[in-house]
Amino acid sequence: MALLEISNLTKRFGGLVANNAVGMEVNQGEIVGLIGPNGAGKTTLFNCISGFYSSDGGSVVFEGQDITRFSADRVCREGMARTFQIVKIFKDMTVLENVMVGAFCRTTNPERARQEALKTLELVGLVEKKDVPSGSLTIAEQKRLELTRALATQPRLLMLDETMAGLNPMETRQAVELLRKINAQGVTLIVVEHVMEAIMTISDRITVLDYGKKIAEDVPENIAQNEEVIKAYLGERYYARS
């Protein structure tokens, strides 16, 4: 049984169909890439899966349980966390306090939340910044902090929305290494990303959306040669490089 099963998921905004009967499965332990042009419906799909939007049709099943109508906080408590395309940290709080917010998903005890936050900061390499105001971090560090806060909820499935956007090549390599490290801890990942070198390297499988529809799903090497994907998103120059 798949960890996550999405069937015929549809989301409309007036006359715009942002997700059109999208279906996909994610297995335990996988890293699944989700790619497509801007406006293809990737973030909308994340919002529907994670309970931020109510879908207009279809279903989301997580670990055998239908969570289609669950609220965002309940989805998180069930074991699914996500980051956002635009970083949403609490800039007036310290790094440690931000991560403790995530840890409070699993405990009401402040000391336990603090210890879980410190452990997670150690994992991602931010523990030395624990007392720093979050608003003073670099963009790369803020993205890592948001990921850390999501990890502190102890998810079994983590959805990442463009965590590498705006990073330089060294920061991107570090981000890829971190995602592999997190995955090795037993966390399944769905990654929305436009940095193709990274997503093609890290993904076990890739799903491609275009105009709200799924147009392809395959291993990275086949996606890179898929004519429909090249036409809709990758472009001939990427195909020539690959």
Scope segment 81-110; condition more than 22 Å from Gly166 (Cα to Cα) and of a type in the set (Phe, Trp, Tyr); matching residues: Phe104
Here are Ile206, Ile190: which of them is buried (at least 23 other Cβ atoms within 10 Å of the Cβ), more than 24 Å from Thr107 (Cα to Cα) and in contact with a Pro (Cβ under 7 Å, 6 or more places away or on another chain)? Ile206
Within segment 32-49, the residues that are surrounded by fewer than 22 Cβ atoms within 10 Å (Cβ to Cβ) and touching a helix residue (DSSP H, G or I) at 6+ places or on another chain (Cβ under 6 Å) are Pro37
Could you tell me whether Leu158 is closer than 22 Å to Ala117 by Cβ, surrounded by 15 or more Cβ atoms within 10 Å (Cβ to Cβ) and of a type outside the set (Lys, Arg)? yes
Give me the residue from segment 90-105 that is of a type in the set (A, V, I, L, M) and closer than 13 Å to Leu137 by Cβ and, out of that set, surrounded by the fewest Cβ atoms within 10 Å (Cβ to Cβ). Met93
When every residue in segment 123-142 that is of a type in the set (Val, Ile, Thr) and surrounded by 15 or more Cβ atoms within 10 Å (Cβ to Cβ) is compared, the one nearest to the chain's Cα centre (by Cα) is Val124
Tell me the residue from Glu162, Glu122 that is among the acidic types (Asp, Glu) and outside the structural domain of Ser203 (by TED's automatic domain parsing), please. Glu122
Return yes or no: is Lys231 of a type outside the set (A, V, I, L, M, F, W, C), at pLDDT 95 or above and either assigned by TED's automatic domain parsing to the domain that holds Gly36 or within 26 Å of Phe90 (Cα to Cα) (or both)? no
All but one of (1) hydrophobic (A, V, I, L, M, F, W, C); (2) without any contact (Cβ under 8 Å) to a residue 40 or more places away in the chain; (3) closer than 19 Å to Thr10 by Cα hold for Ile86; state the number of the condition that does not hold. (3)
Please state which of the following conditions Thr120 fails to meet, knowing it meets all the rest: (1) at positive phi; (2) surrounded by 23 or more Cβ atoms within 10 Å (Cβ to Cβ). (1)
Candidate set from segment 18-55 (those that are of a type in the set (A, V, I, L, M) and more than 14 Å from the chain's Cα centre (by Cα)); member that is farthest from Ala216 (Cα to Cα): Ala18
Output for Cβ contacts, cut-off 6 Å, separation at least six or different chains, first residue in the same structural domain as Thr207 (by TED's automatic domain parsing) in segment 37-59, second surrounded by fewer than 21 Cβ atoms within 10 Å (Cβ to Cβ) and among the basic types (Lys, Arg), reads Asp56/Arg12
Scan segment 67-77 for residues that are surrounded by fewer than 16 Cβ atoms within 10 Å (Cβ to Cβ) and either in contact with a strand residue (DSSP E or B) (Cβ under 6 Å, 6 or more places away or on another chain) or hydroxyl-bearing (Ser, Thr, Tyr) (or both) and jot them down. Ser71
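The values are calculated or read from the model by the stated rules, or taken from the named source; none is laboratory data. Everything numeric in this text was worked out from a predicted model, so none of it was measured. Note that we place each Cβ from the backbone using ideal geometry, even for glycine, and neighbour counts take in every protein chain shown.
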